[in-house]
Each structure stands twice: as structure tokens, then as C-alpha cells.
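Visitor: Supplied in C-alpha cells, the structure appears directly below.
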Amino acid sequence: MTLVAPTVADYEASADLATLLVRTTEGDVLIVPAEKLRLSCKCAHCTRARFDGRFPSAFPGIAITEIGDLGYGLNISFSDGHNRGIYPKPYLLSLAGR
């Protein structure tokens, strides 16, 4: 038997913009908090800030303000103005615990 990893079928921000709702092709709805997404950003700017010790340890009250589908991943913008992060769909699933 071959196991197939779930894939992202659809996504949206929750009504309060505090979480990303990810629907898989299997029909599961996974929840990823906006703060977890912001803390997990791997863009060059955030990577450098971590390296320099300038990356915050928390983003209380952070909200998702925009989601762009790039096909292979999502570009997510946040209420603190950060909009550089690209989250490949397998990475989103891993952040959701899949």
C-alpha cells in the first residue's frame, strides 16, 4: 500500500483573521494560527532578523490581511505590514501538524 500525502485544496482566513483554514483534498480542515505563520516565515528578511537576533519571539494580535495563491504555495500578508513570506503548500501542512 502506498501512502499519499494530503494536498491543499482550498484555504481562507478565519472570520477574525487570526487563523488560516486549510482544506485538504481529503476533506480535512486544518487550522494554522496567524502568529504561528508569522513566526515561521522563512523569507530572507525574517531569516536575517533571526540571524541578527532581531526577530521577535511573539506577534500578539497579528492578523492575516491578504492571501495570494502562487500555485505551489501561498503569499500571506500580515497586519504588521509584512508581506514577503511564501509558504509552500507542504510547509503549510507541516505547520498544521500534518
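Visitor: Using a 7 Å offset from the Cα along the Cα-to-Cβ direction at both Ala44 and Ser94, what is the distance between the two label points in nm, to one decimal?
Guide: Label-label distance for Ala44 and Ser94, simple model: 2.2 nm.
Visitor: Counting alpha carbon pairs within less than 8 Å and at least 6 residues apart, what relative contact order, in whole percent, applies to the chain? Write down the numbers at each step before the final one.
Guide: Details: 153 pairs, mean separation 23.1, N = 98.
About 24 percent, as a whole number.
Visitor: Still on this model: If you filter the range 16-98 for chymotrypsin sites (Phe, Trp or Tyr not before Pro), then keep DSSP loop positions with at most 16 other Cβ within 10 Å, what is left? Can you show the working numbers first?
Guide: Details: sites: Phe51, Tyr72, Phe78, Tyr91; in loops: Tyr72.
Filter output for the range 16-98: Tyr72.
Visitor: Report D for the chain in µm² per second (integer): Stokes-Einstein, Kirkwood Rh on Cα pairs, 20 °C, 1.002 mPa s.
Guide: For these conditions, the coefficient is 154 µm²/s.
Visitor: Quick query: amide H of Leu74 versus all other amide H atoms, modeled in the peptide plane; which residues come in under 5 Å with a sequence gap of 5 or more or a different chain?
Guide: Here Tyr87, Lys89 satisfy the definition.
Visitor: Explain nothing, just the number: dipole magnitude of the chain about its Cα centre with +1 on each Lys and Arg Cβ and -1 on each Asp and Glu Cβ, in debye rounded to the nearest 20. Display every interim value, and only then the final one.
Guide: Numbers: 10 positive and 10 negative charges, 99 e Å.
For the chain, the charge dipole is close to 480 debye.
Visitor: Can you work out ³J(HN,Hα) from phi for every residue in the range 38-43, in order, using Karplus 6.51 cos²θ - 1.76 cosθ + 1.60 and θ = phi - 60°, giving whole Hz and x for Gly and Pro?
Guide: Those phi angles translate into 5, 5, 9, 4, 10, 5 Hz.
Visitor: Please give the calculated 222 nm ellipticity per residue for the chain, where each DSSP H segment of at least 4 residues contributes -39500 (n - 2.57) and the sum is spread over every residue; nearest 500 deg cm²/dmol?
Guide: -5500 deg cm²/dmol
Visitor: Continuing with the same structure: With Cβ to Cβ distances under 12 Å as the rule, what net charge do the other residues near Ile64 carry (K, R +1; D, E -1)?
Guide: Numbers: positive: Lys36, Arg38; negative: Glu12, Asp16, Glu35, Glu66, Asp80.
Summing Lys and Arg as +1 and Asp and Glu as -1 gives -3.
Visitor: Cα-based Rg of the range 21-71 per 2.2 N^0.38 Å, rounded to two decimals?
Guide: Numbers: Rg = 13.6 Å, N = 51, 2.2 N^0.38 = 9.8 Å.
Compared with the compact-globule rule of thumb, the range 21-71 sits at 1.38.
Visitor: Given labels modelled 7 Å from the Cα in the Cβ direction, how far is it in nm from Ile31 to Ala15?
Guide: 1.3 nm
Taken together, the values in this text are just the output of simple stated rules run on the coordinates, not laboratory data. Here the structure is a predicted model, which means the values were calculated and not measured. All Cβ positions, even for glycine, are placed from backbone atoms using ideal geometry, and neighbour counts span all protein chains on display.
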